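Worksheet: one structure, shown below.
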Amino acid sequence: MPRMKKLLSVLFILFLVGSAYGQSSKVISQILEEDEITFGQLCYLSTVYQGLADENVTFKDAINVLYERGQIPYAAYETNGVALINLAFVYSQIWDIKGGMMYKITHGSPRYALRQLKSDGIIPARYDPHKMVSGSEALDIFTACSLKYQKR
């Protein structure tokens, strides 16, 4: 990613997520620096954004919150990397996405959550479902989902 685009993404994400939802800029900065976002970091973003916990929640506790609410099918280790298909599933649980027929029938299964985000132009169609997602990619996708799906 070009340096200027990355800087603008960082500033926009810090403004949108950090100030609007009170998340710690330290955690956002940490996520941006990761070659692969961890499952704990992903669940932290989801949990804090939804207001299910405050910004001081641990990654492990964030995973447990989402698991207990049925928003993730299993409680993976907080240090596991995240494949694109799993990221799409976790993000699809945050917003009320009006998906296609198969998305609705499968209640937003990981496969159809990813297909829906691709169909909506959030994720490029050429991306491999099992591609491991970097921190900056995860935040870019998070921002795009937030702009597209949040209630206005």
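Assorted remarks:
- Between THR79, THR143, the distinction of being under 26 Å from ASN64 (Cα atoms), β-branched (Val, Ile, Thr) and in a loop (DSSP other than H, G, I, E, B) belongs to THR79 only.
- Taken over region 93-112, the criterion of being open to solvent by 60 Å² or more (accessible area, probe 1.4 Å) and assigned to a loop (DSSP other than H, G, I, E, B) is satisfied by ASP96, LYS98, HIS107.
- Among (1) touching a Phe, Trp or Tyr at 6+ places or on another chain (Cβ under 8 Å); (2) without any contact (Cβ under 8 Å) to a residue 40 or more places away in the chain; (3) open to solvent by less than 20 Å² (accessible area, probe 1.4 Å), the one test that ILE123 misses: (1)
- Count - residues of region 26-59 that are buried (at least 16 other Cβ atoms within 10 Å of the Cβ) and either β-branched (Val, Ile, Thr) or in a helix (DSSP H, G or I) (or both): 19
- Complete set of residues in region 119-140 that are farther than 19 Å from LEU42 by Cα and either part of a helix (DSSP H, G or I) or among the polar types (S, T, N, Q) (or both): SER119
- Yes/no for ARG115 being surrounded by 18 or more Cβ atoms within 10 Å (Cβ to Cβ) and among the charged types (D, E, K, R): yes
The values are calculated or read from the model by the stated rules, or taken from the named source; none is laboratory data. All of these numbers come straight from a predicted model, not from anything done at the bench. Counting neighbours? That spans all protein chains shown, and the Cβs are built from the backbone with ideal geometry, glycine included. Accessible surface areas use protein heavy atoms only, side chains included; no ligands, DNA or RNA. Shrake-Rupley method; radii C 1.70, N 1.55, O 1.52, S 1.80 Å.
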